[in-house]
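Visitor: Let me give you the structure first, and then I'll get to my questions.
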Amino acid sequence: MNLITSIFNKGIETSGIERKRISIPSDIPFSPEVIEKLGVDYFHTARGRAIPFGTGLKLGNPDLRVMPVTGDLMTLGGNHFVHGVRRNMELLVICVNNFIYKKIDGKTAPSTANKFSPYSTFEEPFNFPHLGNSCGAVYTARWTALHAEELAASIAEAITKPGLAVIEIIAPGPNYYTDIDDIDENLLKFYFDNSIIKNDTNPREVGITPEDKIIVGRFTDKKRPTFIDVYNVQLGKTIGEKFTPYGVTQTEKKKSGGSDGGN
Amino acid sequence: MKADPKGVLTGSHNLSGNQACAEGALAAGCRFLGLYPIMPALEVSERFLERAPRVGATFIQMEDEISALAAVLGASWTGKRSMTVTSGPGLSLMMEHLGLGVMLETPCVIIDIQSVGPGLGLPTRAAQGDIMQSRWGSHGDYEIVVFAPSSPQEMFDYVIKAFNLSERYRIPVAVMSDAYLARLQENVVIPPAEEIDIEPRRYFKGETDKYLPFKRDKDFVPPMVKIGDGYRFHVTGLTHDDRGYPIMNEECQEYNVHPLVKKIRDYTDEIIEVQETGIDDAEVVIISYGTTARAALKAMEQARSAGIKVGSLKLATVWPFPEKRIFELAKKVKAFIVPEMNFGQLVFEVERCSIGKANVLFISHGEKGVENIDDILSAIRQTQQMNEVKKCIIELKKGV
């Protein structure tokens, strides 16, 4: 996990966004000392609920950049993910896919591919980039934790996207208060060695199977009006001139011109 | 602090309970509503949504009640007063985040318009079946404040109080209405903004690097900060220390969770609000809350005019429960009558606090309509024939 947070650190630095404006709602406990060094506000919320919590943060203060980091994304958070993407709230959803719930050793997750679980599972795994893309995510990517540079660049790119971006990180499961020594380095390397970079692949074709190599890269990058854009357009239509658009005073939108959507 | 005039619709209006609820929230400075639509709570969101853009409030319809309350907790940390509105099935889903709200000490208000359960029940019929769930529904130890209004005017007033207490103690506060009050239209007087007292959020005023999210003041309530102001804080729903860092041991559990209970238990005298009528000479006291109190007061008046000394104790706050007051009364009176629109929930609390010193009669009220008082009157008559204290709850038999 330290590895991933150090990549976050680099990504945030590259993006040039003020750290105090970034907040991370998460459903996995990070080492707090590491989070402190990131210089962001951090919420460890209920299992799988990082996206709705982040939705509240973003809508409460549209000036924030919210980065939900989730572990129970497709189990407890499955419906939140689907609706979050559809709604297109400006969030950067980071899914740490460790194929198994490492903390409760051996239990399988919905993304588990057959060979990766010690006891094997007979259920089909999820394909996050495809699911995200088909629900309307503006950005999808997948990297392993050892693709440090690519992943950092991807975070820097996605965090400024107007809309919901999804980045899947393939990494071995963390233990609480873990440091890098606790991570199964062989597994980390195994994922890296068994991956192949194929940018702009159709997300439909990037499902993970035990037989094939893990396809990593950036798969989706498109534009779509965000929730707040549509909210303002719709309320403006109904209420008329008296309506003051919500959350458009934010500095970033002016810079990137991202609020043009919805018109 | 006084209310923001933008949200206050000063004047005398004919409002339903649900509309009064939305007005109360806006007057109290609520600027975020996260919801999932459910009968019979729809008019609250309808009114709120209609007024929100003009007041500068915002709203979102989430995918379920779980995420509705999650979004409310998030919005509350951005400095906005936030609330959600639901009914029984939604409240069941919210229990997870109610507990998280308690642990993260996040001020917010939950409006529950009760209808009959269990399961999906009968969404248009009034009930008071969620009253124990509101207190005990989430896992672990916590204390909560719950209001039960009985008229649209009280709805307006109590929603403001609910927001104030949630900020004062940094807890989720619930207001339990029901499907009857939801539609009941009455006159509601909304005072000018400068007459509405608002409890401001307690903000941390030190330097940004000195902030500890759970460092408590003397009254066990830690000051808050707004997210995005550069305080770089860490909060977690796990057992945590002052820094908000998870610490996995017994000492920290005690250090963390005991104050969550104490910050309410030590201040119950400030929080509890009851309205007493004709208690001084009463032999029989009707204990009621919510819309049932309307019938209780009517029944009391009729019994008084027939020469029976009946008093009424109406609970404005159901939780924390007014234990001391009921214990005092139990020593003086012959019997308590507890009408509830359920099959017995708060009556057990009354029995607990009267510790065998007074008879406790339970009435499952509401079958013939909320304001029908026949069952309460027959209970009053029954108390007149009682000579000894029965050490159990006496349930009123139908047709007595």
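The values are calculated or read from the model by the stated rules, or taken from the named source; none is laboratory data. Source: prediction; values computed, not measured. As a convention, Cβ positions derive from the backbone with ideal geometry for all residues, glycine included, and neighbour counts pool all protein chains shown.
Visitor: Tell me which residues, restricted to region B:296-319, are in a loop (DSSP other than H, G, I, E, B) and modelled with pLDDT of 95 or more.
Guide: B:ALA316
Visitor: Only strands (runs of 3 or more DSSP E) wholly contained in region B:1-97 count here; list those with 2 or more residues that are surrounded by 24 or more Cβ atoms within 10 Å (Cβ to Cβ), assigned by TED's automatic domain parsing to the domain that holds B:ILE113 and within 18 Å of the chain's Cα centre (by Cα).
Guide: B:30-35, B:81-86
Visitor: Here is a check on your reading of the model: is B:PHE214 outside the structural domain of B:HIS139 (by TED's automatic domain parsing), at positive phi and under 27 Å from the mean Cα position of the chain (by Cα)?
Guide: No; evaluated as a whole, the condition is false for this residue.
Visitor: Something else about it: Kindly establish whether A:PHE53 is at the interface with another protein chain (Cβ under 7 Å from one of its Cβ atoms), of a type in the set (A, V, I, L, M, F, W, C), closer than 28 Å to A:PHE126 by Cα and assigned to a helix (DSSP H, G or I). Break it down into steps so the answer makes sense when it comes.
Guide: On the way: at the interface with another protein chain (Cβ under 7 Å from one of its Cβ atoms): yes; of a type in the set (A, V, I, L, M, F, W, C): yes; closer than 28 Å to A:PHE126 by Cα: yes; assigned to a helix (DSSP H, G or I): yes.
When the stated conditions are applied, A:PHE53 passes them.
Visitor: Looking only at residues in region B:46-67 that are among the small types (Gly, Ala, Ser) and facing another protein chain (nearest Cβ under 8 Å), which one is nearest to A:ASN232 (Cα to Cα)? Don't jump to the end; show me each part of the working.
Guide: Filtering region B:46-67 down to residues among the small types (Gly, Ala, Ser) leaves B:52, B:56-57, B:67.
Checking the rest, the ones that are also facing another protein chain (nearest Cβ under 8 Å) come to B:56, B:67.
Working: B:GLY56: 12, B:SER67: 22 Å.
So, considering only residues that are among the small types (Gly, Ala, Ser) and facing another protein chain (nearest Cβ under 8 Å), the one nearest to A:ASN232 (Cα to Cα) is B:GLY56.
Visitor: If you check B:ILE337 against the conditions, is it within 27 Å of B:ASP269 (Cβ to Cβ) and either surrounded by 24 or more Cβ atoms within 10 Å (Cβ to Cβ) or touching a residue at least 60 places away in the same chain (Cβ under 8 Å) (or both)?
Guide: Yes; evaluated as a whole, the condition is true for this residue.
Visitor: Hey, can you tell me all the residues within region B:70-98 that are more than 8 Å from chain A (Cβ to nearest Cβ), without any contact (Cβ under 8 Å) to a residue 60 or more places away in the chain and touching a Cys at 6+ places or on another chain (Cβ under 8 Å)?
Guide: Listed by number, the list holds a single entry, B:THR84.
Visitor: Oh, and also: Please verify whether B:GLY237 is within 14 Å of chain A (Cβ to nearest Cβ), over 20 Å from the mean Cα position of the chain (by Cα) and at positive phi, treating the condition exactly as stated. Explain how you work it out, then say what you get.
Guide: Values: within 14 Å of chain A (Cβ to nearest Cβ): yes; over 20 Å from the mean Cα position of the chain (by Cα): yes; at positive phi: no.
It is false that B:GLY237 is within 14 Å of chain A (Cβ to nearest Cβ), over 20 Å from the mean Cα position of the chain (by Cα) and at positive phi.
Visitor: Please state which of the following conditions B:TYR36 fails to meet, knowing it meets all the rest: (1) of a type in the set (Phe, Trp, Tyr); (2) within 23 Å of A:LEU235 (Cα to Cα); (3) touching a Phe, Trp or Tyr at 6+ places or on another chain (Cβ under 9 Å).
Guide: The failed condition is (3).
Visitor: Across region A:39-50, which residue is farthest from A:ILE7 (Cα to Cα) among those that are surrounded by 19 or more Cβ atoms within 10 Å (Cβ to Cβ) and more than 8 Å from chain B (Cβ to nearest Cβ)?
Guide: Across region A:39-50, the extreme among qualifying residues is A:GLY48.
Visitor: Let me ask you something else. Considering only residues that are aromatic (Phe, Trp, Tyr) and either modelled with pLDDT under 80 or part of a strand (DSSP E or B) (or both), which ones fall in region A:180-198?
Guide: If the condition is that a residue be aromatic (Phe, Trp, Tyr) and either modelled with pLDDT under 80 or part of a strand (DSSP E or B) (or both), then A:PHE190 is the only one that fits.
Visitor: Let me ask something else. Could you say which residue among A:LEU151, A:LEU91 is modelled with pLDDT of 90 or more, within 14 Å of another protein chain (Cβ to nearest Cβ) and crowded, with 22+ Cβ neighbours inside 10 Å?
Guide: A:LEU91
Visitor: Among the numbered criteria (1) aromatic (Phe, Trp, Tyr); (2) surrounded by fewer than 24 Cβ atoms within 10 Å (Cβ to Cβ); (3) in contact (Cβ under 8 Å) with a residue 12 or more places away in the chain, which one does B:TRP136 miss?
Guide: (3)
Visitor: Moving on to the next point. Kindly provide the set of residues from region A:51-80 that are among the β-branched types (Val, Ile, Thr) and surrounded by 24 or more Cβ atoms within 10 Å (Cβ to Cβ), ordered by number.
Guide: Answer for region A:51-80, where residues must be among the β-branched types (Val, Ile, Thr) and surrounded by 24 or more Cβ atoms within 10 Å (Cβ to Cβ): A:ILE51, A:THR55, A:VAL66, A:VAL69, A:THR70.
Visitor: Same structure, new question: Among (1) crowded, with 22+ Cβ neighbours inside 10 Å; (2) modelled with pLDDT under 85; (3) part of a strand (DSSP E or B), there is one condition B:ILE394 misses while meeting the rest; what is its number?
Guide: (1)
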